[in-house]
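The values are calculated or read from the model by the stated rules, or taken from the named source; none is laboratory data. None of the values given here were measured: they were computed from a predicted structure. Note that we place each Cβ from the backbone using ideal geometry, even for glycine, and neighbour counts take in every protein chain shown. Just the protein is used for accessible areas: all its heavy atoms, side chains included, with ligands, DNA and RNA removed. Shrake-Rupley method; radii C 1.70, N 1.55, O 1.52, S 1.80 Å.
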Amino acid sequence: MQFVNRLTRVSFMAGGLLLTASALAVAPVVNNEAFPGLADRAGKLERLHSLVVAVDGEPVFARALRGPGLDEPANIKSLSKTVLSTVVGMAIGRGVFTGPGQPVADLLEVPAGASDRIEEVTIGHLLSMQAGLQRTSGRYYGEWVNSSNWVDYALSRRFVAEPGGEMLYSTGSYHLLSAALTRRTGRSTLAITRDWLGDPLGIDIRPWLTDPQGIYFGGNDMRLSPMALLKIGELYRNGGVHGGQQVLSAEWIELSWTQRGTSRYTDDAYGFGWFITELGGYRAYYGRGYGGQMLYVFPGLAMTVVMTSDPNPPASPSFMQKQNALLEESVIPFLPLLD
């Protein structure tokens with residue numbers, strides 16, 4: 001079912017909520033008439049910093065509950081993987097990479113201690129976290145980021161699954177993509193992301209953590225504002241078009257939103273940097289980061305949602321369930337009121 005062909009517009013005062021590059025300040029939009037009780041319920045989620053709901057590209061609810069403001073950068077943790085996947089898609093579109101099937105060994109110098117099977121691992125396997133290499137996340141994360149060379153460490157992990165088989169959540173896979181981007185272009189992942197994504201969308205992309213060799217962390221710790229994330233979600237919802245310009249190919253979006261593996265933690269499907277699930281009876285594509293950093297796209301509802309949260313530990317895995325419930329119970333049922 002399609003909603004909001006004609007949306008009752010929320011009016012904005014000067015200096016109010018804008019999706020243009022010129023916006024310097026973002027005023028809240030608390031639409032209690034359309035979403036009764038949403039503001040109160042969101043405020044009771046103690047980790048939640050911000051909530052932005054846009055329909056047909058128009059923010060219909062936007063509020064910073066605590067923490068950074070709507071136009072201020074926040075640590076999006078592993079939601080960075082969704083952003084980096086976008087940049088990889090752009091690299092393929094520009095001919096920097098040949099496609100998802102390109103072997104990683106063509107792009108990076110393989111250390112002497114690595115398995116010969118590294119030749120079987122492709123860009124697509126890294127994007128879907130199906131490389132088959134032992135993980136660098138969870139209990140393995142500390143040893144990895146304390147190593148002297150993050151790229152060599154990730155490439156030298158032993159194989160515990162078949163390439164293209166089980167999804168093994170591993171931030172190291174995305175760091176290899178960042179390293180491949182830098183090695184192939186001779187530019188930093190920061191510079192590339194600013195040039196290919198930030199400038200066309202009019203969003204500010206701040207520097208973030210680098211490894212000991214100066215390679216920007218692939219898949220973690222990027223800092224983007226809720227409104228910047230909204231623009232990225234809208235880019236996907238609109239088939240890769242922003243401001244009349246084809247910034248990202250529609251084919252890449254289709255590839256990214258096609259199931260490759262399944263998360264062992266949520267049972268949700270996973271494509272290239274995006275999880276795939278159903279919420280409130282509608283297909284939802286989402287990126288997520290530790291502590292409750294969420295970007296949702298609901299094509300059937302013409303809706304994009306951003307949530308940022310406290311990125312610091314401890315965080316309960318059940319918090320994402322509360323975020324999903326917020327949408328299923330306090331947002332999606334009330335969307336017909338916007339017709």
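Tell me, please, whether a residue that is within 30 Å of Gly124 (Cα to Cα), more than 18 Å from the chain's Cα centre (by Cα) and open to solvent by less than 10 Å² (accessible area, probe 1.4 Å) can be found in the range 319-337.
For the range 319-337, residues within 30 Å of Gly124 (Cα to Cα), more than 18 Å from the chain's Cα centre (by Cα) and open to solvent by less than 10 Å² (accessible area, probe 1.4 Å): absent.
Which members of the range 158-207 meet the condition of being free of Cβ contacts under 8 Å to residues at least 40 places away in the same chain and among the hydrophobic types (A, V, I, L, M, F, W, C)?
Val160, Ala161, Leu168, Leu190, Ala191, Ile205
Under 8 Å between Cβ atoms, at least 6 apart or on separate chains: pull out the pairs that start in the range 210-223 with a residue that is open to solvent by 40 Å² or more (accessible area, probe 1.4 Å) and end on any residue that is outside any loop (DSSP other than H, G, I, E, B).
Listed by first residue and then by second, the contacts come to Thr210/Tyr216; Pro212/Trp150; Gln213/Trp150; Gln213/Val151; Arg223/Ala74; Arg223/Asn75.
Tell me yes or no: at least one residue of the range 231-246 is open to solvent by 30 Å² or more (accessible area, probe 1.4 Å), in contact with a Ser or Thr (Cβ under 7 Å, 6 or more places away or on another chain) and outside any loop (DSSP other than H, G, I, E, B).
Yes: one or more hits.
When you check Tyr174 against the structure, is it over 20 Å from Val87 (Cβ atoms), of a type outside the set (S, T, N, Q) and outside any loop (DSSP other than H, G, I, E, B), yes or no?
No.
For the range 190-202, how many residues are open to solvent by less than 20 Å² (accessible area, probe 1.4 Å) and assigned to a loop (DSSP other than H, G, I, E, B)?
0
Would you point out which residue out of Arg158, Arg187, Arg183 is over 26 Å from Gly95 (Cα atoms), open to solvent by 20 Å² or more (accessible area, probe 1.4 Å), out of contact with any Pro (no Cβ under 7 Å at 6 or more places or on another chain) and of a type in the set (D, E, K, R)?
From the options Arg158, Arg187, Arg183, the qualifying one is Arg158.
Could you pull out the residue among Gly132, Gly93, Gly138, Gly99 that is open to solvent by 40 Å² or more (accessible area, probe 1.4 Å) and at positive phi?
Every option except Gly138 fails the conditions.
Restricting to the range 28-52, name every residue that is of a type in the set (A, V, I, L, M), open to solvent by 10 Å² or more (accessible area, probe 1.4 Å) and assigned to a strand (DSSP E or B).
Within the range 28-52, Val29 is the sole residue that qualifies.
Name the residue, out of Arg66, Arg117, that is charged (D, E, K, R) and touching a His at 6+ places or on another chain (Cβ under 9 Å).
Arg66
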